[in-house]
Amino acid sequence: MFKIGDKVSVLDENLTGFVIKIDGDTITMEDENGFDMEFHKKELVQIKNEAVLKSKSFMDVSLDEILSEKETSKRKPTIKKKVKERFQPTMEVDLHIHQLTNKTNMSNHDMLTLQLDTARRQLDFAIRQRIQKVVFIHGVGQGVLKTELEYMFGRYDNVKCYDANFQKYGLGATEVYIYQNVAAD
């Protein structure tokens, strides 16, 4: 394949030279600076037509040519949504007790039960209506309602819950993401 006097280039390195010795699979090449180097024959490629090689080489392409080629390539126009629209939930459910009832003499157990029933009804409604995100505003308090909500959401196979946007709700809200394409058992 190679013979003494062939011009060769080293793969994966910017070295070229001429074959000066062949010993089985080991080829000794003299580079352009007069240094002798040994390579395995698989590490070298023969340069038959240097003009063709230069025309296909990326070493001679300037950065400006690459950038101008990138700029001229056509891309499909994308419809950009505003950041606020993209992350805005489609449904909010305020579970503060004064938003749910006018009664003032309820026990803590009755208030918690009303809040959880409301959350369950609203989540079932969102699932039926194929609403993808729901934010449940529960407030900070002692965290009892938040813990109960997380337990309730954990019983659904097609939902994932996490803290809602802190900038908008602070620590008092949980966002639920509803997976739409869950196969029925």
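The values are calculated or read from the model by the stated rules, or taken from the named source; none is laboratory data. Everything numeric here is computed off the predicted structure, so don't read it as measured data. For neighbour counting, all protein chains shown are included, and Cβ atoms are generated from backbone atoms with ideal geometry for every residue, glycine included.
Only one residue in Arg121, Arg130 is within 36 Å of the chain's Cα centre (by Cα), on the phi > 0 side of the Ramachandran plot, without any contact (Cβ under 8 Å) to a residue 60 or more places away in the chain and exposed (fewer than 13 other Cβ atoms within 10 Å of the Cβ). Which one?
Answer to the selection: Arg130.
Considering every residue within the range 155-162, establish whether at least one is in contact (Cβ under 8 Å) with a residue 40 or more places away in the chain, in contact with an Asp or Glu (Cβ under 7 Å, 6 or more places away or on another chain) and not polar (S, T, N, Q).
no
Only one residue in Gly24, Gly17 is outside the structural domain of Ile137 (by TED's automatic domain parsing), exposed (fewer than 10 other Cβ atoms within 10 Å of the Cβ), more than 30 Å from Phe166 (Cβ to Cβ) and at pLDDT 90 or above. Which one?
So the residue among Gly24, Gly17 that is outside the structural domain of Ile137 (by TED's automatic domain parsing), exposed (fewer than 10 other Cβ atoms within 10 Å of the Cβ), more than 30 Å from Phe166 (Cβ to Cβ) and at pLDDT 90 or above is Gly24.
Is it the case that some residue within the range 105-120 is at pLDDT 90 or above, in a helix (DSSP H, G or I) and under 13 Å from Met91 (Cα atoms)?
Yes, the range 105-120 contains at least one residue that is at pLDDT 90 or above, in a helix (DSSP H, G or I) and under 13 Å from Met91 (Cα atoms).
Please go through the range 139-172 and pick out each residue that is surrounded by 13 or more Cβ atoms within 10 Å (Cβ to Cβ) and assigned to a strand (DSSP E or B).
Val159, Cys161, Asp163
It is to be established whether one or more residues within the range 21-33 are part of a strand (DSSP E or B), under 47 Å from the mean Cα position of the chain (by Cα) and in contact (Cβ under 8 Å) with a residue 40 or more places away in the chain.
no
Table: residues versus (1) touching an Asp or Glu at 6+ places or on another chain (Cβ under 9 Å); (2) touching a residue at least 40 places away in the same chain (Cβ under 8 Å); (3) not hydroxyl-bearing (Ser, Thr, Tyr).
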site	(1), (2), (3)
Ile97	no, no, yes
Thr104	no, no, no
His109	no, no, yes
Gly143	no, no, yes
Thr174	yes, no, no
Tyr177	no, yes, no
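Select from the range 1-21 the residues that are within 14 Å of Met37 (Cβ to Cβ) and among the aliphatic types (A, V, I, L, M) and list them in ascending order.
Val8, Val10, Leu11, Leu15, Val19, Ile20 - these are the residues of the range 1-21 that are within 14 Å of Met37 (Cβ to Cβ) and among the aliphatic types (A, V, I, L, M).
Looking at the structure I just gave you, is Phe136 in the same structural domain as Ala119 (by TED's automatic domain parsing), in contact with a strand residue (DSSP E or B) (Cβ under 7 Å, 6 or more places away or on another chain), in a helix (DSSP H, G or I) and among the aromatic types (Phe, Trp, Tyr)?
no
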